[in-house]
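Some notes on the structure that comes next.
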Amino acid sequence: MVVPIAYYLVLSAILFSIGVGAFLIKRNIITVFMSIELMLNAVNLSFVAFAYQWHRVQGQIFVFFVMVVAAAEAAVGLAIIIAIFRARSTLNVDQVNLMKL
Amino acid sequence: MYLVLFILFGGLCVAGALNLLLQRHPINSALSLIVVMSSLAVLYLLLGAEFLAAAQVIVYSGAIMVLFTFVIMLLNAGSEERTHGSHAAYIVGIPGVAILVSLLAFIFLSARTHLAQARLGDYVVSTSDLSKILFRDLLLPFEVTSILILIAILGAVALASKEH
């Protein structure tokens, strides 16, 4: 039995759209950050699917670099969230609307 | 068999992502995101990316999500508050997302005849194939990412440390 590559791309599109929806609707800053990770994962899936389609290794190299950058981004982003929580004692994005207190 | 595995783990991915959207407590969202990432590792294996499947489990479900759960527990994050400042997100966001997913699905399914069919074991990228490209052709970008990681660590420590 075979699965068309198009199904993988549709699955990637569904995951990306759920990530966009969660980014817009969720109010907790940590959950908003997690939905960004979900979008990155969805794009990684389409990279791997296209690497399979064209039989090229370079598509998987892209995924490797995205993983590295996502790890760096998660470390810095969570440190920023900790700093915001220290300053505001809230995690609600609606209450974080001033650059300086 | 291949189709069954794809439907099983693809469905698990979508269910986990929807659970992330619907749960109100951040720790439940984080745990469902771990489910999504682990199922994606199985999908990478089905597409013949064995190194990436291992790296997905180690880096994403291991390192990054442990960092997320650690921060959620450190900040003692409770359930999400319902605020009324985000009606625009509901009014514009949900139809926009529906349009986005249907447009992308239409494009991919109409191009289905030009795309390949995936079989198990048809095209497997071994770790040595990947490392040949990574350490020979792309050595400079690889080393630059190590500097990026170093700067990110320094930035994270500087941001999270207490000011005196």
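Quick look at the numbers
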quantity	calculated
Pairs with Cβ under 9 Å, 6+ apart, first in the stretch A:42-56 and within 22 Å of B:LEU18 (Cα to Cα), second not polar (S, T, N, Q) and not in a helix (DSSP H, G or I)	A:LEU45/B:LEU47
Condition check for A:VAL32: in contact with a Lys or Arg (Cβ under 8 Å, 6 or more places away or on another chain), in contact (Cβ under 8 Å) with a residue 12 or more places away in the chain and among the β-branched types (Val, Ile, Thr)	yes
The lone exception for B:GLU50 - which of (1) more than 9 Å from chain A (Cβ to nearest Cβ); (2) closer than 28 Å to A:GLN58 by Cα; (3) free of Cβ contacts under 8 Å to residues at least 24 places away in the same chain; (4) in contact with a Ser or Thr (Cβ under 9 Å, 6 or more places away or on another chain) it fails	(3)
Residue list for the stretch B:13-24, restricted to those being crowded, with 18+ Cβ neighbours inside 10 Å and more than 14 Å from A:MET34 (Cβ to Cβ)	B:CYS13
The stretch B:89-136 - residue that is touching a residue at least 40 places away in the same chain (Cβ under 8 Å) and at the interface with chain A (Cβ under 7 Å from one of its Cβ atoms) and, of those, farthest from A:ILE61 (Cα to Cα)	B:ARG119
Residue list for the stretch A:64-101, filter: more than 22 Å from the chain's Cα centre (by Cα) and either modelled with pLDDT of 95 or more or part of a loop (DSSP other than H, G, I, E, B) (or both)	A:SER89, A:THR90, A:ASN97, A:LEU98, A:MET99, A:LYS100, A:LEU101
Qualifying residue in the stretch B:23-38 (condition: on the phi > 0 side of the Ramachandran plot and touching a strand residue (DSSP E or B) at 6+ places or on another chain (Cβ under 9 Å))	no
When residues of the stretch B:54-65 are limited to those that are within 10 Å of chain A (Cβ to nearest Cβ) and not polar (S, T, N, Q), the one nearest to A:ASN41 (Cα to Cα)	B:TYR60
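The values are calculated or read from the model by the stated rules, or taken from the named source; none is laboratory data. In this text the structure is predicted, and so the values were computed from the model without any measurement. Glycine also receives a Cβ, built like all others from the backbone with ideal geometry; neighbour counts cover every protein chain displayed.
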